[in-house]
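Coordinate-derived values only; no laboratory data. Bear in mind the structure is a predicted one, so any value in this text is a computation, not a measurement. We place every Cβ from the backbone using ideal geometry, glycine too, and count neighbours over all the protein chains shown.
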Amino acid sequence: MMFCPLVGFGQQAGEANAAVERVLLRQVEAWNRHDLQGFMAGYWNSPRLTFFSQATKTSGWQSTLERYQKRYQAEGREMGNLRFSDLEVETLASDAALVRGAWQLTTTDGKNPHGLFTLIFRKFPEGWKIVHDHTSEAEQ
């Protein structure tokens, strides 16, 4: 259990966790509609957004979008059907949360990539957004 001196933090944490989970649900729904812009709405639209994957650091919302486009929407690529599982949302403060989980894509080629992720969320006036994403992919 985490110590937090904020009065009523337990209720705030529950509300924050639910809000973060809604962002993730909207991301999955957007991905499965092949709506990459909708998926990216869950990320902080800032040059300070960071995305770590496969020993590569991508900085910024636009660069992260371009990475996703190249990897999943380029010629011969497909987005597949996304599923998140084993989600653990931990509220760190009234405006910060950590998420751990697993992801899996179901694709027509049968490769079905999958892996783990760790996300850091911050609460902004427009809602909860991912400010850092560290995603790994299991070897096929």
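For the reader, a short list of remarks on this structure follows.
- Proximal lysines relative to Lys123, as straight alpha-carbon distance under 27 Å, when same-chain residues fewer than 8 apart are discounted: Lys57
- Each helix, a run of at least 4 DSSP H residues, gives -39500 (n - 2.57); summed and divided by the residues of the chain, these come to -9500 deg cm²/dmol at 222 nm.
- Cross-link reach list, lysines versus Lys111, counting only Cα pairs under 20 Å and skipping chain neighbours closer than eight places: Lys70
- Here segment 26-140 is assigned +1 on the Cβ of each Lys and Arg and -1 on the Cβ of each Asp and Glu. Its dipole about the Cα centre then comes out at about 260 debye.
- Residue among Trp44, Ser136, Val23 farthest towards the positive dipole end of the chain, charges placed on Cβ: Trp44
- Dividing the C-alpha radius of gyration of the chain by 2.2 N^0.38 Å, with N its residue count, gives 1.08.
- Here the dipole of segment 27-74 is about 200 debye; that uses its Cα centre as origin and unit charges on the Cβ of Lys and Arg (positive) and Asp and Glu (negative).
- Principal-axis analysis of the Cα atoms of the chain puts helix 61-72 at an angle of about 40° to the longest axis.
- Of the trypsin sites (Lys or Arg not before Pro) in segment 32-100, the ones in a loop by DSSP (not H, G, I, E or B) with at most 13 other beta carbons within 10 Å are Arg33, Arg48, Arg77.
- Residue-count net charge about Leu116 - beta-carbon cut-off 12 Å; Lys, Arg +1, Asp, Glu -1: -3
- Summary value for the chain: 23 percent relative contact order, contacts being C-alpha pairs under 8 angstrom separated by 6+ residues.
- Computed E for Ala55/Ser85 - FRET, C-beta separation, R0 22 angstrom, nearest 0.05: 0.35
- Crossing angle, helix 9-32 versus the chain [Cα axis fit, 0-90 degrees, rounded to tens]: 10
- Furthest towards positive pole of dipole, Thr106, Phe117, Thr64, structure part the chain, Cβ charges: Thr64
- Compared with the alpha-carbon gap, the fully stretched path from Ser63 to Leu116 is longer by 17.0 nm at 0.36 nm per residue.
- Stretching the chain fully between Thr108 and Arg71 yields a gain of 11.8 nm (0.36 nm per residue, less the alpha carbon separation).
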